[in-house]
2 protein chains.
Amino acid sequence: MGLVVQKYGGSSVADAQGIKRVAKRVVEAKKNGHQVVVVVSAMGDTTDELIDLAGEVSPVPSGREMDMLLTAGERISMALLAMAIKALGHEAQSFTGSQAGVITDSVHNKARIIDVTPGRIRSSVDDGNIAIVAGFQGVSQDKKDITTLGRGGSDTTAVALAAALDAEVCEIYTDVDGVFTADPRVVSKARKIEWISFEDMLELASSGSKVLLHRCVEYARRYNIPIHVRSSFSGLKGTWVSSEPPQEHPAHREGQGEQSMEQAIISGVAHDTSEAKVTVVGVPDKPGEAAKIFRALADAELNLDMVVQNVSAASTGLTDISFTLPKDEGRSAITALEKRRPDIGFDALRYDDQIAKISLVGAGMKTNPGVTAHFFEALSNAGVNIELISTSEIRISVVTREDDVNPAVRAVHTAFGLDSESDEAVVYGGTGR
Amino acid sequence: MGLVVQKYGGSSVADAQGIKRVAKRVVEAKKNGHQVVVVVSAMGDTTDELIDLAGEVSPVPSGREMDMLLTAGERISMALLAMAIKALGHEAQSFTGSQAGVITDSVHNKARIIDVTPGRIRSSVDDGNIAIVAGFQGVSQDKKDITTLGRGGSDTTAVALAAALDAEVCEIYTDVDGVFTADPRVVSKARKIEWISFEDMLELASSGSKVLLHRCVEYARRYNIPIHVRSSFSGLKGTWVSSEPPQEHPAHREGQGEQSMEQAIISGVAHDTSEAKVTVVGVPDKPGEAAKIFRALADAELNLDMVVQNVSAASTGLTDISFTLPKDEGRSAITALEKRRPDIGFDALRYDDQIAKISLVGAGMKTNPGVTAHFFEALSNAGVNIELISTSEIRISVVTREDDVNPAVRAVHTAFGLDSESDEAVVYGGTGR
């Protein structure tokens, strides 16, 4: 039996009761013969409370001090978890990010891991201890200052440690049962996915699925660390995210080369209502115009998502360019473009934040014709109008009205046979997408 | 202008308002041209809350993990203080005990400082920053584990840093105006002491005065670091604790060799109701008997305070030995002695926890005859009976009934001219003590 890294989020360790429940689960893994390293987030609302306190003493808290402050949160939860494990008769030691060898760059509040030197963790587990590591934090390589990894940082800590310790698996414990074929709050018939490839998971994560962040999946893919996302509240198996399906999975049994119909065509439907759409109307359709627009946006350090340009109307020689980006960056985008208007020479700007993005993700669509048509038919039958379309090798995304998002996601989920009761085979005809 | 170390306790930084008030005071010192290092405790009740949490997850939390947990408290207050200072337009950086170079032994929960290597603090202040350091914590020399210094630890951190940085003064900010000639809650006419020697302060601290702990004063005396105890809520000067009176002090003006009457005879009256008295009755008055008693108590790791033996009654060849110790160690003392009773051979044990200890402290009493007599007369006039007497070079302590403590302290305070309105000179007659 090898080494397992387990990560528990803030909702799993929200109070003393939760910490004791987590301790039991950790001890179970140890009893099963694993070496166990646990990565833990701050308890429940601790981080928010600390942020509020910072707001009370300073209008613009410095990054370095904010990191010093916030890292107190994991220090509390990790020490309590170590105590709770010891109370169950097992040896445990807690370590800060710095003690665990999580070396980062110096960008406070959103540092990136540049190396992991887990010598103390290795010694601790080799001595028979369960090692508890503070998630979300590290120490900067040059200044030896405390840093935090930003959003999703604890998941990334867990995967990075798993890679550095050559772990069998990185288990991410959360408050849901795994990754679903759609958001269960929207689609009551959404099904838990047993296995999903890194690639499909990356597309889901960037299309609005919130269970795992893109950054953590990308890290796992690079070092080929299998992730098992599961609930800390139930004993159920969750979702495996890895390069190959596990031994017991149908996709594996049915042969490596072929892909099973049911599993591989479509992994799931994701949606995202956090973006806004900007349309630049009446752009001269000649070389260099689009470049000017996106240079202006890049200089303003804006993160664009979808970018769509249609063919121009021959009669006018003008075209429209649309893109989406996070709503809270909308104003900056408009300002940046208006400033360069004389140079770019467009007719008008249209801004719309009442939109939703709906994405269908699955490596299987590469080799299955008709997926796109089937997707659009499903939306049409539900009376949903499509405003933008953008595709990748394994994803189709459309922009619709925000009000249409729930019926649209349900319709697509049903149409692709993803509903949990449905066992029907889905056959696609037509000319491919 | 040199470097100043300021220490603020938990009550001074209990909330955002308190932190901002402290920030202003720190900035003032910086504006006056000092290099400033600030040692800060955890906010208000944080430590107690964390201890409660630990109790919820483990009946006997491990020392290592308890230290990891508790040190989160200072991490929060120090980061917030650094932010608040920066919000006032001054540069500040916070440092953990480990980052500040506070090296300790490995005794968790009550580690002792064995070295201070403040390289990062020195660089930080030399770069123009105000350095904020977490009190109460350090890192163990051998295992590099986080440790805490136990009771009064933050004061000790401040004095140790002041010594290592060769500071001009260590300012201890607290919620009282300084060290008083008696506890102001008991003696309304108690007077703030302007200056007190290390020796007298040590005696007061071990006699029940709670403003400064013995350990911190001892450290300051060893490295000759002047301490200025003062209130963080007022702008008043507090009490200087140092080897020599400051330049502006009357004791200084009146000549180094001589001691001023008013100041030096008596520093103050301390009282302590936290102890119990044990009397071993009918001990054979022959060599080795007392040794057996105190060996038994030492083996039980009990901390005795006063120890008194009177001459034996010639007729019986038996004597009585009394000692005092903290009330919560009383049961252990009785058990330890009962176990060795056959060997020691005493008649009976008497236990009494309704006692008070009243101590008169002052280096002046060494050269002033009649202090003891005057002390006992004051008690007698107040109708207070004396049960035990013990003296050192600069202290007289008596044990009385606990009910008598307040009138006794007031009577002594008045008798030695310590009352604030009184300017009368006190003359002692008699044969000296």
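Where the alpha-carbon atoms of segment A:53-191 are placed on the principal axes, they occupy 49, 44, 30 Å, in descending order. Could you tell me the center-to-center distance, by alpha carbons, between segment A:355-369 and segment A:372-417 in angstrom? Comparing the Cα centres of segment A:355-369 and segment A:372-417, I get a distance of 9 Å. Distances between copies of A:Glu56, taken at a point 7 Å out from Cα along the Cα→Cβ vector and listed shortest first: 2.0 nm.
Across segment B:292-419, Cα-Cα pairs farther apart than 23 Å form 43% of the total. Each other copy holds its own label point for B:Ala373; taking that point as 7 Å from Cα along Cα to Cβ, the gaps run 12.1 nm, nearest first.
Compute the helix-to-body angle for B:153-164: its Cα long axis versus the longest principal axis of chain B, expressed 0 to 90° and rounded to tens. The angle comes out at about 70 degrees. The GluC sites (Glu not before Pro) of segment B:7-114 that DSSP puts in a loop, and whose beta carbon has at most 16 other beta carbons within 10 Å, are B:Glu91.
Taking other C-beta atoms within 10 angstrom as a stand-in for reagent exposure, B:Ile344, B:Ile113, A:Ile114, B:Ile172 fall in the order A:Ile114, B:Ile344, B:Ile113, B:Ile172, fewest first. Run the paramagnetic zone check for B:Ser332: 7 angstrom along Cα to Cβ, then residues of segment B:81-112 with backbone nitrogen under 15 Å. Residues B:110 qualify, since their backbone N sits under 15 Å from the label point.
At an R0 of 35 angstrom, the distance between the Cβ atoms of B:Asn303 and B:Ser380 translates into a FRET efficiency of 0.65.
Antiparallel DSSP bridges in segment A:3-262: what percent, to the nearest 5? If we restrict to bridges inside segment A:3-262, about 25 percent are antiparallel.
Ordered from longest to shortest, the equivalent ellipsoid semi-axes for the protein assembly as shown are 71, 33, 20 Å, each the square root of 5 times a Cα gyration tensor eigenvalue. Of the residues B:Ala190, B:Trp240, B:Val39, the one whose Cα sits farthest toward the positive end of the charge dipole of segment B:3-265, with +1 on the Cβ of Lys and Arg and -1 on the Cβ of Asp and Glu, is B:Val39. Computed over chain B, the per-residue total of -39500 (n - 2.57) for DSSP H runs of n ≥ 4 gives a 222 nm mean residue ellipticity of -10000 deg cm²/dmol, rounded to 500.
Neighbouring Cβ atoms from other chains, within 10 Å of the Cβ of residues in A:83-92, number 4 on average. Here r is the Cβ-Cβ distance between A:Val107 and A:Asn32 and R0 is 30 Å; the resulting FRET efficiency, rounded to 0.05, is 0.15.
As a calculated quantity, the FRET efficiency between B:Lys286 and B:Tyr223 at R0 = 41 Å, using C-beta atoms, amounts to about 0.35. Other residues within the sphere of radius under 14 Å centred on the Cβ of B:Lys31, judged by their own Cβ, net out at +1 (K and R +1, D and E -1).
Between segment A:45-81 and segment B:266-287, how many Å separate their Cα centres? Answer, in whole Å: 49. Between the helical axis of A:16-31 and the longest alpha-carbon principal axis of chain A there is an angle of about 80 degrees.
Rounded to whole numbers, the Karplus 3J(HN,Hα) couplings from phi for segment A:372-380 are 4, 4, 4, 4, 5, 4, 4, 5, 4 Hz, using 6.51 cos²θ - 1.76 cosθ + 1.60 with θ = phi - 60°, and x at Gly and Pro. To the nearest 10 degrees, how steeply does helix B:63-87 sit against the main Cα axis of chain B, on a 0 to 90 scale? Approximately 50 degrees, to the nearest 10.
Note on B:18-28: average number of Cβ atoms from other chains within 10 Å of each residue's Cβ is 1. Taking the DSSP beta bridges with both ends in the protein assembly as shown, the antiparallel portion is around 60 percent. Scaling against 2.2 N^0.38 Å puts the C-alpha radius of gyration of segment A:3-262 at 1.00.
Ranked by how many other Cβ atoms sit within 10 Å of their own Cβ, fewest first, the residues B:His34, A:His90 fall in the order A:His90, B:His34.
Using a 7 Å projection from Cα along Cα-to-Cβ, the label point at B:Asp299 is separated from the same position in the remaining copies by 8.7 nm, smallest value first. How many angstrom separate the Cα center of segment B:98-155 from the Cα center of segment A:178-195? Using only Cα atoms to place each centre, the spacing works out to 50 Å. Shape class of segment B:325-388 from the alpha-carbon gyration tensor: prolate, with a/c at 1.5 or above and a/b greater than b/c. Taking every alpha-carbon pair within segment B:147-222, the share separated by more than 15 Å comes to 58 percent.
Inter-chain Cβ neighbour count for A:134-145, averaged per residue, equals 1 (cutoff 10 Å, partner chain atoms only).
Taking the fewest neighbouring Cβ atoms within 10 Å as the starting point, the ordered list for A:Thr117, B:Thr391 is A:Thr117, B:Thr391.
A short reminder: the numbers here are calculations on the coordinates, not readings from a lab. All figures in this text were calculated on a predicted structure; none of them were measured in a lab. Every residue, glycine among them, receives a Cβ derived from its backbone with ideal geometry; neighbour counts consider all protein chains shown.
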